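What follows draws every value from the coordinates through simple rules; no lab data is involved. None of the values given here were measured: they were computed from a predicted structure. As a convention, Cβ positions derive from the backbone with ideal geometry for all residues, glycine included, and neighbour counts pool all protein chains shown.
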Amino acid sequence: MTAVESGPVRTADPVDARVLLERARDIGAETAGRGAEIEAAGTLPTDLVERLRAARLFAMGLPRDLGGVQAPLTTIVEVIAELARADASTAWATLVGNTSVFLSWLEPDAARAATAGGRDPIVAGSMAPTGRGEPVGDGFRVNGRWAFVSGSRHADWYMGGMTVVDQRRSGPPELRTAFFRPADVTVDPTWDVIGLCGTGSNDVVVSDTVVPARHTAAPHTGPASFDTPLTRLTPYNILMVLFAGVPLGVARRALDELTGLAATKRRAGSTERLLDDPAVGDFVIGAEPALRAARLVVLDVLHRTEARLGAGAELDPTERAQVAAAGMHAMRVGWEVTLGASRLAGTGATARDSALQRFLRDLAAARQHIAFGPDLRVRTARSLLGAPSAPALFGV
């Protein structure tokens, strides 16, 4: 397990949002036929990682002051959706690589050093506090294991949440996130799943590693050192911005696949095409506007959110909940559309080489993420209803 040490160098020129989307479409066209290869490898091929890096799709969330693109929130969603339409694992690994935005919580000099070198850094990891940090000198001795670390095979930096165990400190334990270099971590090949197989979401282990304090941060409780609309969101809502494009892109592909089959496929023992099946027509007439509406809801909420944050406003709990709810709604609609398209496509959709079958499995895996789980749905709903809610780990 090593990080990629050479490749395209980033430029300092701003990247127009339309250019990012065009690059995503080009890469999508190249990867649409590589799904089986990516799935079998269990991780993104090196050439694809470097293609994504050269297109600057790993730096969409990184602030410009750290050499990033700092793309609009809506652009991030549309780019990830375009990649997901081609291959869900590619989209997932790309969005996780964009958690490089959390380097923005490091002290300014440390953040600049972490993002220097002329290449967009790729970050992988988990903020779940399954690590333990003991103060030692000007740093922490860290031990921990973090599960589901997507992009574990090609990251330049790893992050892991930890509980700081300090006998000198009273009160509740402090939660921090530590950032590690590849040489400090061991990747345990635990990723053996039915969906998102190509994301390389293995466990990452750190043993008795001393991490300088400057390489730790507290995104849950403190502001970022670099102020952008994205970094002014809670960590949870940052993840929801990154996640929202996946169900939209996967479901779009599922509908496209069903539409392609409709003109030629016939049910066993029938001369009628799927095109003539009333059940197929009824499904499409509902699924098409539902998916378009879910996309527009996400884009509308994020456009208004970015405008508010860009004007210096602070989001209230209801506004934060709207960001989370839009992503949750996209996942629910995306799953229903993908599941329905797969069912109506018939037994052909169960074949291992069927795109519909792979995309169904991919979205089944994606919707299991804690970000879409029942606990956060309850908390988000309470915030939308104006009721107080105990803060979740990532905030709402």
Which of A371, A128, G200 sits closest to the plus end of the dipole of the chain, meaning its Cα is farthest towards the positive end, when Lys and Arg get +1 and Asp and Glu get -1 on the C-beta? A371
One computes Rg over Rh for the chain from alpha-carbon atoms, with the Kirkwood Rh, and obtains 0.98
Taking the simple approach of a point 7 Å from Cα along Cα-to-Cβ for both D300 and A313, what is their distance in nm? 1.6
Vicinal HN-Hα couplings computed from phi for region 315-323 (Karplus, 6.51 cos²θ - 1.76 cosθ + 1.60; Hz; Gly/Pro x): 6, 8, x, 5, 5, 5, 5, 5, 5
Taking a crude spin-label model, label points 7 Å out from Cα along the C-beta direction, the L339 to A29 distance in nm is 3.5
Nearest-0.05 FRET efficiency for A381 and L275 at R0 = 45 Å, using Cβ-Cβ distance, is 0.65
Between V210 and residues 5 or more places away or on another chain, which pairs have amide H atoms under 5 Å apart, with H built 1.01 Å from N, and which residues are they? V142
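Quick one: longest stretch of the chain between exposed loop GluC sites (Glu not before Pro), exposed meaning at most 14 other C-beta atoms within 10 Å and loop per DSSP?
With GluC sites (Glu not before Pro) excluded where exposed in loops, the chain gives 6-271 as its longest stretch.
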Taking Cα atoms only, helix 73-86 is inclined relative to the longest principal axis of the chain by an angle, in degrees rounded to 10, of 50
Using helices alone, I'd like the mean residue ellipticity at 222 nm for the chain: each DSSP H run of four-plus residues gives -39500 (n - 2.57), total over residue count, nearest 500. -14000 deg cm²/dmol
Exposure proxy order (Cβ contacts within 10 Å, fewest to most) of H215, H369, H303: H303, H369, H215
Any idea what Rg and Dmax come out to for region 17-114 if you just take the C-alpha atoms, in Å? 13.7, 43
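Just how many % of Cα pairs in region 235-384 lie over 27 Å apart, if you round to the nearest whole percent?
Distances greater than 27 Å cover 32 percent of the Cα pairs.
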Give me the number: length gained by fully extending T347 to I194, i.e. 0.36 nm times residue separation minus the C-alpha to C-alpha distance, one decimal in nm. 53.2 nm
Label-point separation (nm) for T163 and R332, each offset 7 Å from Cα along Cα-to-Cβ? 3.3
As an exercise, use a Förster radius of 22 Å and the Cβ-Cβ distance of S170 and A218 to find the FRET efficiency, rounded to the nearest 0.05. 0.80
